[in-house]
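Okay, structure first, notes after.
The values are calculated or read from the model by the stated rules, or taken from the named source; none is laboratory data. Everything numeric here is computed off the predicted structure, so don't read it as measured data. Note that we place each Cβ from the backbone using ideal geometry, even for glycine, and neighbour counts take in every protein chain shown. Note: areas computed on protein heavy atoms with side chains; ligands, DNA, RNA excluded. Shrake-Rupley method; radii C 1.70, N 1.55, O 1.52, S 1.80 Å.
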Amino acid sequence: QVQLVESGGGLVQPGGSLRLSCAASGSIFSINRMGWDRQAPGKQRELVARITSGGSTNYADSVKGRFTISGDNAKNTTYLQMNSLKFEDTAVYYCYGNVRTVGLWALRDYWGQGTQVTVSS
């Protein structure tokens with residue numbers, strides 16, 4: 001089994017910054033890709049950012065230039081640095097991992113339980 005645990009969420013004022021962390025643990029053989037999704041109340045869940053084990057990244061247009069995703073392969077951890085936060089960034093942020101587990105060949109998708117980010121004055 002694989003677990004993804006997020007940390008770093010909280011309340012921040014507009015224009016402020018937060019750094020989210022996500023650590024994957026369990027019977028992990030390798031991780032192909034990690035990242036972050038978010039879901040605001042009453043809205044669909046959306047992709048925020050992704051990073052591959054090779055360091056390739058992609059972002060939603062709404063966060064480009066403000067958010068930066070990074071990763072530490074040795075620690076099975078990804079980070080999301082969020083700068084210049086806006087009201088519309090308020091959401092539950094979920095960690096994502098595309099993982100190959102010990103004893104299985106196929107890659108599978110996993111999500112954490114989420115961490116709340118609230119941008120408010």
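Descriptive notes on the structure:
- Scanning region 69-85 for residues that are of a type outside the set (A, V, I, L, M, F, W, C) and farther than 18 Å from Ala23 by Cβ yields Asn83, Ser84.
- For region 99-120, the condition of being in contact with a helix residue (DSSP H, G or I) (Cβ under 6 Å, 6 or more places away or on another chain) and β-branched (Val, Ile, Thr) holds for at least one residue.
- Residues that are open to solvent by less than 70 Å² (accessible area, probe 1.4 Å), in a strand (DSSP E or B) and among the hydroxyl-bearing types (Ser, Thr, Tyr), drawn from region 47-83: Thr52, Thr57, Tyr59, Ser70, Thr77, Thr78, Tyr79
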